[in-house]
1. Of these, Ala56, Ala15, Ala26, which one is modelled with pLDDT of 90 or more and among the hydrophobic types (A, V, I, L, M, F, W, C)?
2. Out of Ala275, Ala257, report the one residue that is in contact with a Lys or Arg (Cβ under 6 Å, 6 or more places away or on another chain) and touching a residue at least 40 places away in the same chain (Cβ under 8 Å).
3. Among the residues of the stretch 161-193, how many are of a type in the set (Lys, Arg) and closer than 19 Å to Phe273 by Cβ?
4. Scan the stretch 162-195 residue by residue and report those that are at pLDDT 95 or above, β-branched (Val, Ile, Thr) and over 13 Å from Arg229 (Cα atoms).
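The values are calculated or read from the model by the stated rules, or taken from the named source; none is laboratory data. Here the structure is a predicted model, which is why all the values come from computation and not from measurement. FYI the Cβ positions are ideal-geometry reconstructions off the backbone, even for glycines, and counts take in every protein chain you see.
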Amino acid sequence: MKQLLPALLLGGLAATVAGATEEFAADDLRAEKLADLPLWELRFAGFGRYGQSYPASEESQTDIVPLPFPIYRGQFLRIGDDTDKPVRTRLFRRDRVKIDLDFGLNFPVDSDDVDARTGMPDLDLLAEVGPELELQFIRGLMGGETFLALQARGAWSFDGLDPDWRGAVLSVELKHKLPIFTPKTELLTRVTPEFASQDYMDFFYGVDAAYATLARPAYKAESGYLGTRLSLVLKHEFSPTVEFRSGLKFGFYQGAANDNSPLFTDKTTSGFFAAVLWKFWESKRRANR
């Protein structure tokens with residue numbers, strides 16, 4: 001069954017590509033809105049989350065990140081104008097198909113705060129980036145837009161500024177955007193099954209012999225199915241300068257390739273996050289249509 005799931009998802013993706021013969025219906029409207037937006041903005045964001053320490057961990061942690069960040073809306077490169085995708089390249093966009101960049105992030109973990117990892121090295125910040133092929137899968141479902149995306153990301157952990165290669169992740173994502181209540185409020189739903197390489201899995205689930213105990217035997221992770229993420233994100237624009245986002249995130253790890261690891265401690269996880277964005281400066285120059 002685990003081998004059948006990715007085949008079905010990839011088959012559906014291929015079928016959608018073959019049927020992509022129309023332009024995105026909202027492209028012209030988006031372009032007109034973009035022409036009215038500033039080329040540069042400076043914003044301040046306050047972000048907080050409470051959720052699993054790492055995939056399939058029964059332990060949770062709180063992360064709070066306040067930071068300023070720039071927004072740039074160029075013709076081919078856009079930075080920060082979509083908090084779901086901090087960098088968008090618009091490398092290719094035609095009919096219902098577009099190629100972009102996809103990002104992932106796992107916060108660092110203090111092993112002394114996780115019972116299953118006590119005595120093991122901490123988990124460093126893990127950043128992921130790679131190409132994404134996105135298709136408008138269904139138009140007008142419940143008044144929203146539905147997309148199907150194939151994503152491939154390489155992963156690097158960071159201990160200071162020194163990156164270490166940690167493998168690769170392949171995911172297939174079904175995404176639905178739906179305006180609710182007012183045009184300034186949007187509900188975003190994502191369902192994302194993920195598959196990962198052996199070295200990526202070993203970052204989370206591997207136990208070297210040097211850190212093995214009677215309760216935590218040595219373990220070498222395997223490549224394969226990592227799990228499925230479900231996220232529900234509510235976005236609301238209070239004013240042209242203030243935006244609020246909040247959401248729930250769930251992880252489902254039944255049938256995962258490394259459920260025998262002593263560091264695999266929960267098959268279902270949940271968490272939530274909230275973010276406030278405040279724009280305090282914008283350029284007079286407007287973004288090009």
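1. Ala56
2. Going through Ala275, Ala257 in turn, the sole match is Ala275.
3. Kept after step one, since they are of a type in the set (Lys, Arg), are these residues of the stretch 161-193: 166, 175, 177, 184, 190.
Still in the running and closer than 19 Å to Phe273 by Cβ: 175, 177, 190.
Going through the stretch 161-193 one residue at a time, the tally reaches 3.
4. Hit for the stretch 162-195 is Val169, nothing else.
Rundown of residues vs (1) in contact with a Ser or Thr (Cβ under 7 Å, 6 or more places away or on another chain); (2) under 17 Å from Ile71 (Cβ atoms); (3) among the small types (Gly, Ala, Ser); (4) surrounded by 15 or more Cβ atoms within 10 Å (Cβ to Cβ), yes/no style:
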residue	(1), (2), (3), (4)
Ser231	no, no, yes, yes
Glu237	no, yes, no, yes
Pro240	no, yes, no, no
Asn260	no, no, no, no
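So that you can scan it fast, the table gives a plain yes or no per residue for (1) crowded, with 17+ Cβ neighbours inside 10 Å; (2) of a type in the set (Asp, Glu); (3) part of a strand (DSSP E or B); (4) touching a helix residue (DSSP H, G or I) at 6+ places or on another chain (Cβ under 8 Å):
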{"residue": "Gln136", "(1), (2), (3), (4)": "yes, no, yes, no"}
{"residue": "Phe147", "(1), (2), (3), (4)": "yes, no, yes, no"}
{"residue": "Arg166", "(1), (2), (3), (4)": "yes, no, yes, yes"}
{"residue": "Glu173", "(1), (2), (3), (4)": "yes, yes, yes, no"}
{"residue": "Leu178", "(1), (2), (3), (4)": "no, no, yes, yes"}
{"residue": "Phe204", "(1), (2), (3), (4)": "yes, no, no, no"}
{"residue": "Arg216", "(1), (2), (3), (4)": "yes, no, no, yes"}
